[in-house]
Ligand code: HDE
């Protein structure tokens, strides 16, 4: 701070001297030099560059302040102090008139401490309030450099990023695994300023025009009278809206699919949703849609897992992301683009590129990879970074520009506007997590929470008093130049293009691209959600919409609701299915998967457990040893084995597979009803908590395995004999190998009921 003051002092002195020495403003006024009638356009000494107008302190990708970032390091020194840096001797007792006497108004430390605490909360985001974020790096492979002049997309460019994932509807403290769309927002700290790609995990949106956003969100949020239900769409107002405003049907269908309940943020696709316009160095333009492709594949929870997790571990996704990064399984996504010619009609294969309720199937326009993002560091402080990060769909860099999509156009206003309330004023870009790494010299001044100590006296243009500084940039220094896009001479109207009228063809395409297991999940999701509605008319109206999507789907849901299935009301085009939309079929890396190893009390030789644990770890997965109680397991032959979960603290939903190193039996007295179960081994029954673990993992179609006495445990658990995806053998490492192979497909799909 002392140094900053010195600099400020010097600059003030220089400015004053320069003003005194400057050319007279009005011809004829005494002074030295020749009068200038025009603003200077090139840097002249001694004024610019001005030391205090350097870019704000950069923030490193690890969350730590950079080497010259002392101002960002809020906390320094060994001793507790007041906010004004006065060391304190006591923070446990207020100042009182005697030990049992009244508290004194004089206690400035008490007042400061409570005052600050009273104001610790800021308004949560009106949507996307619940989120988790991480630092990382984006590496460009240069494949887009022909299409865009954006420096961060040049070959070999490496750019720090901060990425925030979120749910949309829930409050800040709501559960992670609710059925909802997920936000996928990436801030690139490029050398040409910040670029934000503020996307979702679903490529289409509920509405075509931003003016409907308050409507769809009011409908999705809890009912305003009693504020329930939290963080979900399974209620009357949501289905009332989308059944009336049928452009929302396509997005609603994606939410009802397994995409609405992702297994992990690490296993989600991301989409820019809108079409954007790229500009290359020659000024040529192309239209693109952005895609994030997770290296781990796209995977989902089952509905029962999602519901259990919402109660057992509401932080399921947040924990998964942080743990994976902490354990070195750094999640990665390839960034890709679908490329379309920038034709006057902005259509591609009959799909309107300016309609955000439509996507372009990958079979029609392949996704071309242009770089890779790796998330490698957790935030150092949730509030400072994840909560205060401010994304904006209008944060573009040279080479990337907006299109006329009316949904995007509204967003260009909304994101700046919302931060005024949420972050308390217009200076949120000075908050460390939002600061560009590029120099900032913006002439924006004052306002709430102003942190910059601006120098100079002429924050306006044109000026001569600050030597014309800051100067306007040309293309040679990456100026942002709006694309000179022709706008058709038109009449002002509150109307949509006619191409926006088709609300069902792509919903039908999506449904018919799903495998039978995925289709049945969709039918169950609709039946659940509509089953939670009270108004009969809303259920019936939504069935009408389903009839327009697919007659069989409509029939299944109608059966579940006990209602007749209506006939379709519109003729829907049959588009070719897009196999790329299904999650089933491929195999994927298993990095960061959680492998539970259940060790019964009577295992006397832990060598298999050690071998499996080490092999799991070596393969980049996370072994969790589970036993009847915590602490260390010992067998006298090697290192003790640490227990990470007990039968009390574990629940199947956090594990990708369960391996049994024997049969955890308990005395026959412990559970007489279970003892009576046919096939229970003599001398004991399976511990009921392990039994629950197995039956849930089985029902959720997870691969299972075991060695030693494990066969007895499976027999006693009541699972079907010789079920698919259950491996029992003598060689523990062979069992692990078979189970991990299945994990690559995420689930044992043939176990799902048809
Ligand atoms: Fe947003 N959206 N949005 N949105 N959105 C916000 O900005 C808005 C839309 C998305 O992790 C808000 O800072 C309007 C589409 C994400 O901080 C707000 C419209 C897509 C996030 C806002 C949309 C998104 C937001 C609330 C219709 C996918 C979380 C807090 C025109 C492409 C960013 C904030 C984060 C957040 C407005 C539609 C993605 C109110 C008006 C489409 C990922 O400004």
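A short reminder: the numbers here are calculations on the coordinates, not readings from a lab. Everything numeric in this text was worked out from a predicted model, so none of it was measured. Backbone-built Cβ (ideal geometry, glycine too); neighbour counts: all protein chains shown.
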*Looking at the range 556-585, which of its residues are crowded, with 17+ Cβ neighbours inside 10 Å and in a helix (DSSP H, G or I)?*
556, 557, 558, 561, 581
_Suppose we keep only residues that are out of contact with any helix residue (DSSP H, G or I) (no Cβ under 9 Å at 6 or more places or on another chain) and closer than 19 Å to residue 384 by Cβ within the range 430-447. Which one would you say is nearest to the ligand (Cβ to nearest atom)?_
430
*Where in the range 148-214 are there strands (runs of 3 or more DSSP E), lying wholly inside it, with at least 1 residues that are touching a helix residue (DSSP H, G or I) at 6+ places or on another chain (Cβ under 6 Å), within 13 Å of the ligand (Cβ to nearest atom) and under 23 Å from residue 397 (Cα atoms)?*
158-167
*Positions within the range 133-146 being touching a helix residue (DSSP H, G or I) at 6+ places or on another chain (Cβ under 8 Å) and more than 16 Å from the ligand (Cβ to nearest atom), in sequence order*: 138, 140, 142, 144, 145
*Could you list, in sequence order, all residues of the range 726-754 that are within 32 Å of the chain's Cα centre (by Cα) and assigned to a loop (DSSP other than H, G, I, E, B)?*
744, 745, 746, 747, 748, 752, 753
*Candidates 410, 394, filtered to the one that is surrounded by fewer than 21 Cβ atoms within 10 Å (Cβ to Cβ), touching a helix residue (DSSP H, G or I) at 6+ places or on another chain (Cβ under 8 Å) and over 22 Å from residue 160 (Cβ atoms)*: 410
*For the range 416-437, how many residues meet the condition of being out of contact with any strand residue (DSSP E or B) (no Cβ under 7 Å at 6 or more places or on another chain) and either within 19 Å of residue 126 (Cα to Cα) or part of a helix (DSSP H, G or I) (or both)?*
15
*So which of 379, 366 is touching a strand residue (DSSP E or B) at 6+ places or on another chain (Cβ under 9 Å), in a loop (DSSP other than H, G, I, E, B) and surrounded by 21 or more Cβ atoms within 10 Å (Cβ to Cβ)?*
379
*Go through (1) under 27 Å from residue 182 (Cα atoms); (2) touching a strand residue (DSSP E or B) at 6+ places or on another chain (Cβ under 6 Å); (3) away from the ligand (no atom under 16 Å from the Cβ) and name the single condition residue 130 misses.*
(3)
*Report, ordered by the first and then the second residue, all pairs with beta carbons closer than 6 Å, sequence separation of six or more or different chains, a first member in the range 151-166 that is within 14 Å of residue 333 (Cα to Cα), and a second member that is assigned to a helix (DSSP H, G or I).*
165/265
_Conditions (1) within 17 Å of residue 195 (Cα to Cα); (2) away from the ligand (no atom under 16 Å from the Cβ); number of the one not met by residue 115_ = (1)
